[in-house]
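The values are calculated or read from the model by the stated rules, or taken from the named source; none is laboratory data. Because the structure is a prediction, the values reported are computed rather than measured. In this analysis, Cβ positions are derived from the backbone assuming ideal geometry, glycine residues included, and neighbour counts consider all displayed protein chains. The accessibility values were calculated without ligands, DNA or RNA, using every heavy atom of the protein model including side chains. Shrake-Rupley method; radii C 1.70, N 1.55, O 1.52, S 1.80 Å.
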Amino acid sequence: MKRLLITIIILLSLEVSYAAHIKGGFFTYEYLGPGTNDPNNSRYRITLTVYMICSATTQQISNPINFSIFNAGNNQWVQDVSVSVTNQFFLNKSDDEQCISGDQRKCYYKVVVYDLASVELPPTAGGYIISYQRCCRIAGIQNIANSGTVGNTFSINIPGTAIGLNAVTNSSPAFLINDTAVVCSGSYFQYSFSASDPNPGDSLSYEFCSAIEGGSQTTPAPVTASSPPYSSVPYNFPFSGSAPMGSGVRIDPRTGVISGIAPSASGEYVICVCVNEFRQGVLIGTTRKELHVEVGDCSPIDANLNPEYITCDGFSFTFSNGGDQSLITSYNWYFGDPASGAADSSNLANPTHVFSDTGTFIVRLIVNRGDPCSDTASTRMKVYPGFFPDFTNTGICLTNPVQFHDATTTNYGVVDSWSWNFGDLTTLADSSHLQNPLWAYADTGTKMVSLIATNSKGCRDTISKPVTIIDKPPITLAFKDTLICAPDAVQLQASGTGIFSWTPLTNIVNANTGTPTVNPITTTWYHVQLNEQGCINTDSVQVRVVSFVTLNAMPDTTICLTDSVRLNIVSDGLQYLWSPAATLNDPTLKNPMALPTGTSTQYTVIARIGSCSAQDNVTITAIPYPVANAGGDTIICYNQPAYLSGSHNGVSFSWSPTGSLINANTLTPTAFPPRTTEYILSVLSDQGCPKAGFDTVLVTVLPKIVPYAGNDTMVIVNQPLQFNATGGTSYQWMPSTGLNNPAIGDPVGIYGANIDSIRYKVLVFNEAGCFDSAFVKVIVFKTNPYVFVPSAFTPNGDGLNDLIRPIAVGVKKINYFSIYNRWGQLLFKTSVNGHGWDGKIKGVPQSTNVFVWMVSAVDYLDKPIFLKGTVTLIR
């Protein structure tokens with residue numbers, strides 16, 4: 001167990017030690033003079049500066065380390081030199097950047113310096129390579145793949161004798177250590193990687209170069225660095241060693257200042273800069289500095305305009321400043337358009353300016369004018385309205401290429417480029433830069449064709465249109481079957497794009513148009529062909545020919561007066577006209593609806609096919625409905641009968657529904673409806689009307705009376721008692737003893753000492769005079785107002801004395817009735833007369849004991865009552 005624990009501790013220690021923490025660094029060397037052991041040798045001071053995370057631990061800071069020295073001529077290892085940490089410090093920003101949002105005061109790097117005070121090296125033609133390797137970098141670097149597993153190689157070349165120019169006495173350039181610049185995502189920035197050269201006359205140039213990897217997770221701190229050459233770290237697309245922050249960021253080769261628009265994704269980016277040292281035009285050495293630069297979610301105060309704007313569809317344009325506007329307090333726009341007068345400037349954040357003319361204007365923006373964080377930007381504004389991209393096309397047939405025609409117009413300059421996308425999803429090559437291209441589609445369907453056009457003034461716009469490709473041209477026929485009467489003619493109607501031809505050519509005029517005229521003497525099929533640039537479609541029309549009109553009207557019919565009837569005919573006519581038209585819904589229909597108003601109406605119909613016609617008649621006889629009278633509506637009491645009385649002028653009758661009728665086969669049945677019901681009297685006649693006449697009587701059943709006289713109660717002598725009967729519209733109390741008015745629902749009763757109790761009956765009437773009754777008993781106590789409380793109760797569930805409760809007489813209200821145990825604990829409380837305690841506490845029955853009760857009440861004269869006592873619970 002102890003061995004396992006030691007192993008776990010060692011593994012945890014290794015994990016901490018190898019945790020990703022490296023954030024960059026660089027080697028430098030200084031020539032100290034000839035060797036002390038051999039004057040042909042050279043002595044150098046070699047320094048490694050390593051950038052780490054600010055929280056780097058002592059386990060992560062290796063001490064000492066080995067500088068591995070290689071012969072640059074053959075990449076062979078020469079020796080390892082042990083070097084200790086000579087300095088450690090933090091790169092902090094103690095003052096916030098007031099012109100950038102957020103707080104930039106923090107630690108940026110922990111810098112660890114390893115200084116080899118002196119090493120003596122013999123002369124070689126190729127010089128030496130000094131290397132140190134350590135794994136690993138921090139995880140999540142934006143431009144490095146799996147950065148948490150990628151190590152570092154720090155390396156520098158000391159020139160050899162082959163270069164000449166006394167290069168072996170060279171001292172490398174030294175980078176400045178001031179790496180606390182703030183870089184905000186999507187914003188312009190500058191970051192200096194400049195270095196100073198101690199060798200007079202030498203010149204420096206700067207370039208981006210690839211960061212190199214070394215070490216691994218399995219061997220994070222190799223004793224001896226691997227032999228050169230070294231491999232680049234794996235960059236994430238689209239980043240690379242020459243574009244570590246994308247194509248928008250560049251380095252000035254003369255100053256080493258990096259500038260441009262930072263990537264939009266925040267996070268850390270590895271940047272490696274190589275400074276090349278030239279002596280008399282000859283490259284004598286390269287010094288590399290690698291650094292993790294953090295791109296933050298911040299925004300600088302920035303006048304951020306595009307280099308150029310253009311409006312091609314009008315004279316007005318709305319301007320806006322790019323980036324975060326949260327720290328910008330004022331805007332001063334100058335549109336460079338003096339002819340617009342006072343409108344030539346604006347203090348709005350997003351102004352709209354209407355330019356006075358066409359041309360190119362210089363627009364200037366100043367943000368936070370007069371403040372320490374003010375900024376200015378200028379842009380070119382081109383105003384050339386009247387640019388409208390458009391196109392047409394000829395041909396939509398799959399077998400032939402489609403000819404596209406540019407129809408773009410411009411009021412200024414000339415249309416100078418075209419970019420077509422033909423919407424052909426079967427290929428990636430469906431594009432063209434010709435003005436009027438041809439395209440052959442591989443399949444049918446609707447294709448979304450787009451054209452991007454530009455003009456010589458810089459206008460650029462897009463138009464998209466659907467183009468439907470078919471395998472044959474569409475033919476639209478107005479009809480595919482028609483009827484004529486010889487010797488009439490008819491014009492056929494076909495529409496489409498292309499050349500029409502009809503067959504057969506007999507009895508036809510204009511056979512090469514879409515609308516020929518034909519007059520066949522017998523039924524004939526005419527076939528049409530449409531040819532669009534070799535793409536062919538066909539269809540046909542049947543012309544049926546008759547020599548007369550067939551017409552047969554329906555038989556004469558009898559209906560009931562006020563009913564409608566559909567007039568039916570059998571005919572091959574094409575047009576119809578009925579008369580008289582006044583009682584028809586549409587006299588031109590083949591089968592119109594008729595609503596005759598007289599007892600007998602003859603309708604005449606004429607059917608036509610061209611110049612041919614036929615006529616027929618139909619007579620409609622209308623007989624009045626039989627008359628039924630079910631009697632007047634009535635209202636009955638609940639569960640009482642209604643006596644119906646009907647009459648009619650027909651030959652037979654019936655009532656419905658019959659379920660609640662007695663003698664339903666008579667005109668005077670008795671009804672016992674359980675609820676409000678309509679009874680229908682139906683009558684049939686022998687006068688010719690085939691339908692029954694109806695009448696309805698409504699029997700309204702009043703709701704059942706629910707009488708209520710109130711609960712039995714107790715009063716004292718001379719205490720007024722307010723009754724309140726409910727359930728009806730009028731009331732009668734019996735007997736009337738003690739009541740001020742026995743004919744109302746809410747009389748007041750007062751009782752003398754001669755009455756012990758009295759039981760009242762109240763009759764409750766509804767609006768129809770129906771009634772029911774209820775009872776109430778009044779007990780009269782010959783005492784003062786009081787609240788009676790029993791001295792004992794037996795809560796055993798037998799229904800007798802199971803509750804201890806107050807019994808109040810002469811009392812208006814009970815304020816409270818409370819029960820306590822011997823320790824003063826409240827067990828029960830109520831303000832309801834007759835509501836009591838069942839001898840349980842939280843559902844647990846209590847044993848035999850004595851309890852204290854208290855009651856507070858107000859009598860009917862508004863005088864207070866307070867009583868207390870004890871009660872015994874008996875089990």
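Given a 1.4 Å probe, how much area per residue of region 134-193 is accessible, in Å²? Provide the component values of the computation, followed by the final result.
Working: 1910 Å² over 60 residues.
Heavy-atom accessible area per residue stands at 32 Å².
Quick one: 3J(HN,Hα) in Hz for region 154-165, Karplus 6.51/-1.76/1.60 with θ = phi - 60°, rounded, Gly and Pro as x.
9, 8, 8, 9, 9, x, x, 6, 5, 6, x, 6
Any idea how many Lys pairs in region 370-480 come in under 26 angstrom at the alpha carbon, given 8 or more places apart or on separate chains? Don't jump to the answer; show the numbers that get you there.
Values: K382/K457; K447/K465; K447/K472; K457/K465; K472/K480.
Taking region 370-480 as the scope, the lysine pair count is 5.
For region 605-694, which chymotrypsin sites (Phe, Trp or Tyr not before Pro) pass both filters: DSSP loop (anything but H, G, I, E, B) and at most 16 other C-beta atoms within 10 Å? Provide the component values of the computation, followed by the final result.
Values: sites: Y638, Y643, F653, W655, Y679, F694; in loops: Y638.
Here the sparse-neighbourhood loop sites are Y638.
Given H placed on each backbone N at 1.01 Å, which residues far from Y625 in sequence or on other chains put an amide H within less than 5 Å of it?
Residues meeting the amide H criterion: L561.
Check cross-link reach from K777 to the aspartates and glutamates: straight Cα distance under 20 Å, and skip same-chain residues fewer than eight apart.
K777 reaches D712, D746, D756.
Using the Karplus curve 6.51 cos²θ - 1.76 cosθ + 1.60 with θ = phi - 60°, what ³J(HN,Hα) values do you get for each residue of region 700-713, in whole Hz, with x for Gly and Pro?
8, 9, 6, x, 5, 6, 10, x, 8, 9, x, 7, 4, 8
Which value, in debye to the nearest 20, gives the size of the charge dipole of region 148-292 about its Cα centre, when Lys and Arg are +1 and Asp and Glu are -1 at the Cβ?
Numbers: 5 positive and 9 negative charges, 22 e Å.
Here region 148-292 has a charge dipole of around 100 debye.
How far apart, in nanometres, would the label points at T783 and Y708 be if each is projected 7 angstrom from Cα along the Cα-to-Cβ direction?
In this crude spin-label approximation the distance works out to 3.0 nm.
Over the heavy atoms of R288, what accessible area does a 1.4 Å probe trace out, to the nearest 10 Å²?
Probe radius 1.4 Å; accessible area of R288 about 60 Å².
With charges set only on the Cβ (+1 for Lys and Arg, -1 for Asp and Glu), what does the dipole of the chain come to about its Cα centre, in debye to the nearest 20?
Working: 47 positive and 61 negative charges, 708 e Å.
Computed charge dipole of the chain: roughly 3400 debye.
What share of the DSSP beta bridges in the chain is antiparallel, in percent to the nearest 5?
90
Between A692, N40, V811, whose Cα lies farthest towards the positive end of the dipole of the chain when Lys and Arg beta carbons carry +1 and Asp and Glu beta carbons carry -1, centred on the Cα centre?
V811
Quick test of your reading: applying the under-4.7 Å Cβ rule, which cysteines of the chain are isolated?
That list is C272.
Specify the inter-centroid distance of region 483-559 and region 270-348, based on alpha-carbon positions, in whole Å.
First find each Cα centre; the distance between them is then 74 Å.
Solvent-accessible area per residue for region 236-278 at a 1.4 Å probe radius, Å²?
Value returned for region 236-278: 41 Å² of accessible area per residue.
Under 15 Å Cα-Cα from K110, which aspartates and glutamates qualify once same-chain neighbours fewer than 8 residues away are excluded?
Partners within reach: D179, E290, E294.
Residue by residue through region 353-362, what is 3J(HN,Hα) from phi via Karplus (6.51 cos²θ - 1.76 cosθ + 1.60, θ = phi - 60°)? Round to whole Hz and write x for glycine and proline.
Here the 3J(HN,Hα) series is 10, 9, 6, 7, 7, 7, x, 10, 10, 9 Hz.
Sorted from largest down, give the three principal axis spans of the alpha carbons of region 122-240, whole angstrom values.
44, 40, 24
Could you please report the charge total around T149, scoring K, R as +1 and D, E as -1 over all other residues with beta-carbon less than 10 angstrom from its beta-carbon? Intermediate results must be reported in sequence, preceding the final value.
Working: positive: R137; negative: E213.
Local net charge: 0.
So who's got an amide H within less than 5 Å of the one on N152, skipping anything under 5 residues away but keeping other chains? H placed 1.01 Å off N, in plane.
Those qualifying (amide H under 5 Å, at least 5 residues apart or on another chain) are R134, C135, G214.
Rolling a 1.4 Å sphere over the protein heavy atoms, what is the accessible area per residue of region 412-564, to the nearest Å²?
On the way: 8100 Å² over 153 residues.
Per-residue value: 53 Å².
Long-range amide H contacts for Q325: which residues qualify at under 5 Å (H placed 1.01 Å from N, peptide plane, sequence gap of 5 or more or a different chain)?
Here the answer is none, since no amide H 5 or more places off falls under 5 Å of that of Q325.
For the chain, which whole percent of the accessible surface, found with a 1.4 angstrom probe, sits on carbon and sulfur atoms?
Values: 22810 of 43420 Å².
Roughly 53 percent of what the probe reaches on the chain is carbon or sulfur.
Here are several values of percent of Cα pairs over 48 Å apart: (1) 53; (2) 69; (3) 31. Which one was derived from the coordinates shown?
Only one listed value fits the structure, namely (2).
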